[in-house]
1. Return the inverse of the average 1/r over all pairs of distinct C-alpha atoms in chain B, which is the Kirkwood hydrodynamic radius, in Å to one decimal.
2. Once you place label points 7 Å from the Cα toward the Cβ at residue A:15 and residue A:443, how far apart are they in nm?
3. Given R₀ = 45 Å, FRET efficiency for residue B:80-residue B:32 by Cβ-Cβ distance, to 0.05?
4. What whole-number volume per residue, in cubic angstrom, does the convex hull of the C-alpha atoms of the protein assembly as shown give?
5. Using 0.36 nm times the number of residues separating residue A:434 and residue A:379, minus their current alpha carbon distance, what extension gain do you get?
6. Which value results when the Cα radius of gyration for the stretch B:28-72 is divided by 2.2 N^0.38 Å?
7. Treating each Cα of the stretch A:350-492 as an identical point scatterer and ignoring solvent, apply the Debye formula and state log10 I(q)/I(0) at q = 0.10, 0.14 Å⁻¹.
8. Which order do A:319, A:113 fall in if you start with the one that has the fewest other Cβ atoms within 10 Å?
Amino acid sequence: METFESETGLSSEVQRHKKLYTMLLEAIPSSVLMLDRDVKVISANHNFLKKSRRTRENTIGFPLVDIFPTIILNTMNIPQQIRGVFKSGNATGGNRMSYRSSGLPMNIYYYRIFPFTWKGVVENVMLLMDDVTEQIRLSEEVRRVERHLASIIDSVNDIIISTDTRGRILSWNPAVEKISGYTFADVKGRPFIEYLPTEKQKDIHEVFTQMRNGRNSRQEEWELITKDGTAIRVSWIFSPMKDEHSTTAAIVGVGRDLTERLKLEAELLKSQKFAALGVMAGGIAHEIRNPLAICSSAAQFLQNDDIDTEFRKECGEKIYTGIQRASIIIENLLRFARPSTNSHMEKICLNALVEETIPLIHNQAKIQQIKIKIDMYRQNIFILANSSMLQQVLINLLLNAIQSMPDGGTIELSITRSAGDVLIRIMDTGTGILQQDIDKIFDPFYTTSPVGRGTGLGLSISYTIVKQHRGTIEVESNKDIGCIFTVRLTLL
Amino acid sequence: MENNTAMKDHKDIYLIVDDEPDMCWAFQNLLAQNKILSQNALNGQDALRLIQKVDFKAVFVDAKLPDIEGLDLAKKIRAIAPNLRLIMVSGYFYRDDPAIRKALEEGLLSDFVSKPFRNQEILSVLKSVE
């Protein structure tokens, strides 16, 4: 610090104060200039000189305009502000100024002008400048990151919500606004549970309690009740948001609207079913036209005048039986193509389902010289299932078995119980599956059938259906020995 | 399984191969009404055995038999009785079916009748055989 008075003649106490003042000015990371009424520099601290790459010799005693670029002084009106402080005796409020010394990157300063008043007179003013370049850069970076994160949450198609630990809504992104019809303003602070089905309240409480206790994420499928009362199936993942002490501070829920996926799945299921019907068509044609041929011949016999009563009766009987046979085949086919049940799970008797299913593939098996052996569990077995979907699994597995035995063979279908499960086992004596193909058989569109014979969807659809029934499907196979497919489902 | 009409007669005799007893019933009555002798076989094996024993005028074969495909049976019959006339009667194939066309072109089959048939169609086929 440049001194501006001779040190001689000052008391030791004053000298002490002065030294302390100088030390302080040199130590602080701010830039400090003292200016007189002519706006000339009377002192400059070390930090100022360093930042502006100046020396005391070309600074002290020079007018401010020679030190600061004119453009800054004029834009900021600094000389005018300095004169204002001299006049009023009051410090200015804090301001920002950008300053670039030649050859250095742009710096941003926060500055204030203070009056130095002695005995009621403003003798000097102090221009105090802090380099805030880094802070501004950081805060801009933080803002940019925040904006980026916010725009992710706002632009995703998935639902993102958060609640406090009591389950009151803290955030609600535009995706959930769109799906639910409720704006964030509608739901802010409301219990999240209000937008979920009442029958799920117990489960919801349980999940939220677990989140509060710091358990990791949980996956759930809960419907979201929209403003117009529609229930939309949503697959949720809830996770606890933890603070720096690892305590759950909030709960975050990310959800995906399943409507479209469920619709596609249903369409896929239907198209695979039609493909299975196509495979069955050959067998059905043969099996229906046989009784039709018998009826047709018998009817033509009846047209003759010279037949006896007994033969006439016989003809009538054959016609009646033939029609019944054809009708049963068509009836079974219709039940498979257009099931009357809805898509929900209900209590069904597995034994009855198997008995209804066998006639559907029986024709196909018969024309390929395949024997079907059934080993049914002695008691009726009840499971929670969708009978139409489960029938599709049985048909797919049985048709696969049939297709693997072009030269005839045997299918053994057995139903057994194992602890709380039921095992449906379908065993064939067909061509089997190569060991390297076993991993691929449940992949969609994977097929070894010639073009036009198989879609490669049967097993992947069956896998999906069994999974929806919370069961498993397994295969054991050896080339040329045959396959064993085992479907494991939970008993009711 | 076999045997319904006289065998050791000078008259022509026909073989019907169909696993459906009622179908055999229809054939049998149709032929009997027209004073034609016939015999039935419910599977391929029985049919081959009978053909080796009896000199049939023609054979009606179903396309799907419990032990063999109708067309495969036709090939086996051809091997032991090259000049025997074979007529396929089936609900599985249709007249222009590629497999049937090929069999007719190759001379494996003499004729094809689709099920259900007019009784007259069978009688016409019989006439063409004579």
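1. On the way: mean 1/r = 0.0690 Å⁻¹.
Roughly 14.5 Å, rounded to one decimal.
2. About 9.3 nm separates the two model spin labels.
3. Working: r = 27 Å, r/R0 = 0.61.
Once the sixth-power term is evaluated, E becomes 0.95.
4. Details: hull volume 188.2 nm³, N = 622.
Looking at the protein assembly as shown, the number lands at 303 Å³ per residue.
5. Working: separation 55, 0.36 × 55 = 19.80 nm, distance 3.65 nm.
Taking 0.36 nm per residue and subtracting the Cα distance, the gain is 16.1 nm.
6. Numbers: Rg = 11.4 Å, N = 45, 2.2 N^0.38 = 9.3 Å.
After normalising by residue count via 2.2 N^0.38 Å, the value is 1.22.
7. Debye intensities relative to I(0), on a log10 scale: -0.31, -0.62.
8. Working: A:319 19, A:113 23.
Ordered by Cβ neighbours within 10 Å, fewest first: A:319, A:113.
Every read-out reported here was derived from the displayed coordinates using simple, explicitly stated rules and does not represent laboratory data. The model shown is predicted, which means the values in this text are computed figures rather than measured ones. For neighbour counting, all protein chains shown are included, and Cβ atoms are generated from backbone atoms with ideal geometry for every residue, glycine included.
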